[in-house]
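Rule-based calculations on the coordinates, nothing more; no lab input. In this text the structure is predicted, and so the values were computed from the model without any measurement. Backbone-built Cβ (ideal geometry, glycine too); neighbour counts: all protein chains shown.
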Amino acid sequence: MKITEHIKKANNKTLFSFEIIPPKKGNSIQQLYNCIDPLMEFKPHLIDVTTSREEFVYIDKGNGLLDRKTTRSRPGTLGICAAIKHKYDVDTVPHVLCGGFTKEETEYLLVDCHYLGIDNVMALRGDAMAHQKYFQATEGGHPFAKDLVLQIKDLNSGKYLHNVMETDYKSDFCIGVAGYPEKHLESPSLQTDLKHLKEKVDAGADYIVTQMFFDNQKYFQFVEAAKEAGIHVPIIPGIKPIAVKRHLQLLPQVFSIDLPETLISAVESCKTNKDVRQVGVEWAIQQSKELLEANVPFLHYYSMGKSDNIKKIASAIF
Ligand code: FAD
């Protein structure tokens, strides 16, 4: 079922969802089941599965030269979506990226999604590759998420690439895009970022999932600013419980977000990462309670492959 239909059907009740990441190549999918199993009692209405960018590896050819190959360390997004949908009877949302994919590859991926009965896709640009300073569009791929949204919308109206064919047999994907309450790290201002977010919605995005934030006011202000900018699709808050002390440096560096002083002090005063995990859980519970009171459509949690903390939060909320 489409996310927008889930929201409509819920009639103002906040729904539970979470994001998982595929296991590293060479590991079993059982890892993911172990993460998902404890969360199923809270009846998630959707599970997002991330897609990782490709990276370069250098193979020693033995003659003093190195061979550069491309690899994907966490493949299997679509297979995982299909497996989970089948095993748990839950809607799964594959993340579809511009970076690393040509438009043709994206079309084939979307055709696979359609055949598998996947109703929702998350359209994202993706980040720069590990060795790149800035994102560079893949040759034959899209430069921005908006362009990917347009391709998905085209498919929804039966229009395939290169005008080779038009058909009445159409997909009907519900399209999610990313939003950034504290602005995307490359954007010169929040207002400019909102302008580009509006372009994604105008192109056909049906809902927005936010980057993690730790101060709910940032989310509430973002939702207001989005409304003022003419964005009227559901904005799903993304919540990540802090889990290790290193997150204090890592999260602001990677996602360009601020952490509230009270949270920083609480984490800094922890002696072990077990204590930090508990602080993270308690903070996320407080955040979730306030968001729940504000009638947000979903509470969406970033699991990063571990669910013990999400289970504690969900137990307190759902
Ligand atoms: P876009 O919407 O294309 O925006 C990228 C930047 O370009 C922004 O600064 C925007 O303001 C700017 N911009 C947009 N249009 C224009 C224009 N026409 N002219 C100039 N500037 C413009 N990454 C992954 O690799 N895999 C994942 O699975 C994944 N999942 C994610 C899930 C969520 C909920 C979120 C919030 C992020 C996720 N990301 C993921 C990270 C995401 O790919 C990065 O944040 C990426 O840098 C931006 O993606 P986007 O879709 O927001 O890009």
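Which pairs break 25 Å Cα to Cα here: Lys43/Lys289; Lys195/Lys306; Lys87/Lys312; Lys87/Lys311?
Beyond 25 Å between Cα atoms: Lys195/Lys306.
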TODO: Excluding residues on the same chain fewer than 8 positions from Lys159, give the lysines whose Cα lies under 20 Å from its Cα.
DONE: Lys103, Lys146, Lys170, Lys200
- [ ] Return the long-range amide H neighbours of Gln211 (sequence gap of 5 or more, or a different chain), with a cut-off of under 5 Å between placed amide H atoms.
- [x] Gly179, Tyr180
Task: Stokes-Einstein D (µm²/s) once Rh is taken as the Kirkwood radius of region 1-104 over alpha-carbon pairs, at 10 °C in 1.306 mPa s - done: 100 µm²/s
Task: Ascending count of other beta-carbon atoms within 10 Å, so fewest first, for Ser52, Ser256, Ser288 - done: Ser256, Ser52, Ser288
TODO: Please identify, among Gly26, Gly140, Gly204, the residue showing maximal mean-square fluctuation in a Gaussian network model of the chain using a 10 angstrom Cα cutoff.
DONE: Gly26
TODO: Would you calculate the volume per residue, in Å³, of the smallest convex hull containing every Cα atom of the chain?
DONE: 157 Å³
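Going by average Cβ density within 10 Å per residue, which order do the peptides 209-218, 91-100, 28-37 take, highest to lowest? Write out the running numbers ahead of the final one.
Working: 209-218: 20.0, 91-100: 23.3, 28-37: 15.3.
In decreasing order of mean packing, 209-218, 91-100, 28-37 become 91-100, 209-218, 28-37.
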Task: Spin-label proximity, Asp202 to region 168-196 - amide N less than 20 Å from point 7 Å beyond Cα toward beta carbon - done: 175-180, 184, 187-196
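Where does the chain land at 222 nm, in deg cm²/dmol rounded to the nearest 500, when only DSSP H runs of n ≥ 4 count, each adding -39500 (n - 2.57), divided by all residues? Write out the running numbers ahead of the final one.
Numbers: 11 runs with 127 residues, N = 318.
It comes out at -12500 deg cm²/dmol, rounded to the nearest 500.
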Task: For the chain, built as a Gaussian network whose Cα springs stay under 10 Å, the top-fluctuating residue of Ala145, Ala243, Ala130 - done: Ala130
TODO: Considering the options Cys35, Gly204, Leu299, tell which one lies farthest towards the positive end of the dipole of the chain, charges being +1 on Lys and Arg and -1 on Asp and Glu at the Cβ, about the Cα centre.
DONE: Cys35
Task: Where labels lie 7 Å past Cα in the beta-carbon direction, separation of Gln286 and Ala130 in nm - done: 3.7 nm
Open item on the list: Of the candidates Gly230, Gly280, Gly179, which one comes out as most mobile in a Gaussian network treatment of the chain with C-alpha springs shorter than 10 Å?
Closed with: Gly230
Open item on the list: So the label point goes 7 Å from the Cα of Tyr169 along Cα→C-beta, right? Which residues of region 95-122 then have their backbone N under 13 Å from it?
Closed with: 111-112, 114-116
